[in-house]
Structures are given as C-alpha cells and as structure tokens.
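Q: Encoded as structure tokens, here's the structure I'll be asking about.
Read-outs: derived from the displayed coordinates by stated rules, not from any lab. This structure is a prediction, so every number in the text was calculated from the model and none was measured. Cβ sites come from the backbone with ideal geometry, for glycine too, and all protein chains shown count toward neighbours.
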Amino acid sequence: MSYLRPDIRQRADELVALYPQKRSAMLPLLHLAQEQDGYLTDEGMAEVAELTGTSPAEVRGTASFYDMFHLEPVGKYVVGVCTNIACLLAGGEELLDHASKTLGCSVGGTSADGLFTLEETECLADCDIAPVVQVNHRYVRTTTPDALDALVSDLRNGRRDDEIPPHGTLIRVRRNGGLRAPRAQVAAEREAAQTAREARAAKETK
C-alpha cells in the first residue's frame, strides 16, 4: 500500500517515467514526498527508495546532503537569512538576530505557532540586495528589520501566499505546464539524439 497520497503517487509515477534510469528521479521525488508532509518522513523516503530501486539509506543520505530537504518537521514558512561575507557586511547577523526575536524562536528552531522555521544560510547568490532573505526558497526583498516585520505580519495573515509557494513543492513545474511539458521536452530530446546517432552511423558506413 502506498504511503504517498493518491495524487502525489500519480505524479511520482509520471516523474519516474521521464527518466531512462529510475534512480535519476530521486531528487524530484523527494520534493514530492516533502510536499505531502512538509518534511521527509521515514515512510516517504522508503517509498522514494522503492520507486527508484534504491535503499532507504541511500535516499536518506541524498536528502541529508541538500538543505532544501528537512528530516524533521518545520514550519509552514522556512525563513532563511544569509550571513556570508557580503550579507554580513550589510547587516546580515543583525537581521538574523532581529528575525529570531520577531519570530520568537532560535536559529534552527520553529515558532510556537508552528508557522515559521528560522535558518542561517550560506551564500544565496543575490549579493546586490544584501542581506538576502528567502522564504521557502523564494527570494524576498527584506533587507531591514522593519521590512522583515512587515513580511512576517503579511505571512501570518496569509497576504503573501500567492507569492510564496508552500515549502518543498514543485509548484513552478506545475505553473509551466506540469509534468507533461518536461515529458514532451524529454521525448523530443531523445528523438533528436537518436536521429543524430543514426546520421553518424550512416556516415560511418559509407
């Protein structure tokens, strides 16, 4: 019996079908499993292992390498504040401290209402707007304590949900045509590659 919800399992099966080797679908499958629960459960990772023909230990090892995956429950909104050198010089540490006070949780912790998890991040490659803040891996231009307070207020009241996707989802894939679009693209690329191989083979036999 599948642990994943029927709609997510259907999308998982569609994803696996896109790849010549099932294990290549592991990362997008982990995103799907995380979408269901908000973090990666043992049951979810076991099903990803089954779908990819790998072991739960390999799936867990892969998931633990990437900071976009969580092995423990997190808040609805995962707030990341960069404190690498450019952001540090622009007040990143002060903004992180302010975020901790505003959210009422320490770095790595979750607010009492379960809405927010606060993280200190490595460089997010957007230094021109330092200090850089992300919410659910979406950049937000929140470089001052006042702007952060306004953002938190908006999120608490659901005023930014059209802008901030749920954590761990493949929402951008769905907005761009869902899984059918990449499937068609993959099919076209495979056909082009096969045509090229046949052309080379024909040329070599002449």
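Q: Any number yet on Rg/Rh for segment 6-71, C-alpha, Kirkwood?
A: Values: Rg = 10.5 Å, Rh = 11.5 Å.
Using only Cα positions, Rg/Rh for segment 6-71 is 0.92.
Q: Also: How many nm is it between the label spots at E43 and R156, if each spot is 7 Å from the Cα in line with the beta carbon?
A: Here the modelled spin labels are 3.3 nm apart.
Q: What fraction of the DSSP beta bridges in segment 12-166 is antiparallel, stated in percent and rounded to the nearest 5?
A: Numbers: 7 of 13 bridges.
Antiparallel: roughly 55 percent of the beta bridges in segment 12-166.
Q: Just to confirm my numbers, what's the Cα centroid distance between segment 80-102 and segment 137-164 in Å?
A: Centre-to-centre distance over Cα atoms comes out at 15 Å.
Q: On the first, second and third principal axes, largest extent first, how far apart are the outermost C-alpha atoms of segment 55-112 in Å?
A: Over segment 55-112, Cα extents along the principal axes are 43, 30, 14 Å.
Q: Calculate the spin-label point distance for R197 paired with I85, positioning each point 7 Å from the Cα along the beta-carbon direction, and give it in nanometres.
A: It works out to 4.6 nm between the two label points.
Q: Another question, if that's okay. Pop a pseudo-label 7 angstrom from the Cα along the beta-carbon direction at both E122 and D67 and give the gap in nm to one decimal.
A: It is 0.7 nm.
Q: Let me ask you something else. Quick one: grab Rg to one decimal and Dmax as a whole number for segment 77-156, Cα atoms only, in Å.
A: 11.1, 33
Q: Now, a different point. If you average over every viewing direction, what projected area does the convex hull of the Cα atoms of the chain give, in nm²?
A: Working: hull surface 60.4 nm².
Averaged projected area of the chain's Cα convex hull equals 15.1 nm².
Q: Starting with the fewest neighbours, write out H70, H98 ranked by other beta-carbon atoms found within 10 Å of each beta-carbon. List each step's numbers first, then the result.
A: Details: H70 20, H98 17.
Ascending Cβ contact count within 10 Å gives the list H98, H70.
Q: Need the C-alpha centroid separation for segment 103-132 versus segment 1-21, integer Å.
A: Taking the Cα centre of each part, segment 103-132 and segment 1-21 sit 31 Å apart.
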